Amino acid sequence: MPEKETLERAAEDKAEGKSPSTQAGEFVREEIEHVREGKHGARSAKQAIAIGLSKARRAGVDLPSPKKGTASKRTRKQATSDLRKGKSPSKKKSAKRSRATSQALKREGHTAASKTALSRQARSAAAKRSAASRSRAAKKAAATRKK
């Protein structure tokens, strides 16, 4: 379950008209923080980000599942399931499953949230995008940046 402050920050972003990915960023930030604090680990930076996005979808952020060809079928299916859970009244996750998930994450390392790991992840993600796409994003960021 996401922390109260994270839910409030995401709601604030939504009220300000920010995109779903910006709202989801709050949950990803929280997840990275959890790994750094030692609450649990993650196998990679990518996994920590995926957990954050999953939490965002379940919390009701209208973040679509990845397009076909960009992620595995299993990932897309899970994202769709998370989205559905975020829209419907929440059912309680079984204690056994919750405990199994937590214990599996606790066995993982904490270097996934290091500056190096996150930097490596960001670089590899950016490298998969076209130069035009990166340029467009940079221009948009510069234009919408707080003065």
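Any residue in segment 1-12 that is on the phi < 0 side of the Ramachandran plot sitting within a Cβ distance under 6 Å of a residue that is surrounded by 13 or more Cβ atoms within 10 Å (Cβ to Cβ) and not in a helix (DSSP H, G or I)? List the pairs, counting only those 6 or more apart or interchain.
Close Cβ pairs satisfying both conditions: P2/A59.
Mind listing whichever residues of segment 82-118 are polar (S, T, N, Q), open to solvent by less than 50 Å² (accessible area, probe 1.4 Å) and modelled with pLDDT of 90 or more? Show your work before the answer.
First, pick out the residues of segment 82-118 that are polar (S, T, N, Q): 88, 90, 94, 98, 101-103, 111, 114, 116.
Restricting the remaining residues to those that are open to solvent by less than 50 Å² (accessible area, probe 1.4 Å) gives 98, 114.
Correct list: S114 only.
Checking A138 against (1) free of Cβ contacts under 8 Å to residues at least 40 places away in the same chain; (2) closer than 23 Å to E12 by Cβ, which test does it fail?
(2)
With open to solvent by 30 Å² or more (accessible area, probe 1.4 Å) and under 23 Å from S124 (Cβ atoms) as the only criterion, which of E12, E37, E33, E5 stands out? Write out each step before concluding.
Working: E12 fails: under 23 Å from S124 (Cβ atoms); E37 fails: under 23 Å from S124 (Cβ atoms); E5 fails: under 23 Å from S124 (Cβ atoms).
Result of the check over E12, E37, E33, E5: E33.
Are any of the residues in segment 106-115 of a type in the set (G, A, S) and more than 17 Å from the chain's Cα centre (by Cα)?
Initially, segment 106-115 is screened for residues of a type in the set (G, A, S), giving 109, 112-114.
Of the ones still in play, those that are also more than 17 Å from the chain's Cα centre (by Cα) are 109.
Checking segment 106-115: at least one residue is of a type in the set (G, A, S) and more than 17 Å from the chain's Cα centre (by Cα).
If you take the residues in segment 15-26 that are open to solvent by 60 Å² or more (accessible area, probe 1.4 Å) and outside any helix (DSSP H, G or I), which one is farthest from Q78 (Cα to Cα)?
Once the filter is applied, the top-ranked residue is E16.
Within segment 40-71, how many residues are assigned to a loop (DSSP other than H, G, I, E, B), among the small types (G, A, S), open to solvent by less than 60 Å² (accessible area, probe 1.4 Å) and farther than 14 Å from E3 by Cβ?
The first filter runs over segment 40-71 and keeps only residues assigned to a loop (DSSP other than H, G, I, E, B), leaving 40-44, 59-67, 69-70.
Filter again for among the small types (G, A, S), leaving 41-42, 44, 59-60, 65, 69.
Still in the list and also open to solvent by less than 60 Å² (accessible area, probe 1.4 Å): 41-42, 44, 59-60, 65.
Still in the list and also farther than 14 Å from E3 by Cβ: 41-42, 44, 60, 65.
Number satisfying all stated conditions: 5.
Between R76, R29, which is part of a helix (DSSP H, G or I), in contact with a Ser or Thr (Cβ under 9 Å, 6 or more places away or on another chain) and at pLDDT 95 or above? I'd like the intermediate steps shown before the answer.
Values: R76 fails: at pLDDT 95 or above.
So the residue among R76, R29 that is part of a helix (DSSP H, G or I), in contact with a Ser or Thr (Cβ under 9 Å, 6 or more places away or on another chain) and at pLDDT 95 or above is R29.
Being free of Cβ contacts under 8 Å to residues at least 12 places away in the same chain, farther than 19 Å from G25 by Cα and in a helix (DSSP H, G or I) is the requirement here; does R123 meet it? Quick ask: steps written out before the conclusion?
Numbers: free of Cβ contacts under 8 Å to residues at least 12 places away in the same chain: yes; farther than 19 Å from G25 by Cα: no; in a helix (DSSP H, G or I): yes.
Taking the combined requirement at face value, the residue does not satisfy it.
The values are calculated or read from the model by the stated rules, or taken from the named source; none is laboratory data. The structure presented is a predicted model; accordingly, all values stated were derived computationally and were not measured. For neighbour counting, all protein chains shown are included, and Cβ atoms are generated from backbone atoms with ideal geometry for every residue, glycine included. With ligands, DNA and RNA removed, areas are computed over all heavy atoms of the protein, side chains included. Shrake-Rupley method; radii C 1.70, N 1.55, O 1.52, S 1.80 Å.
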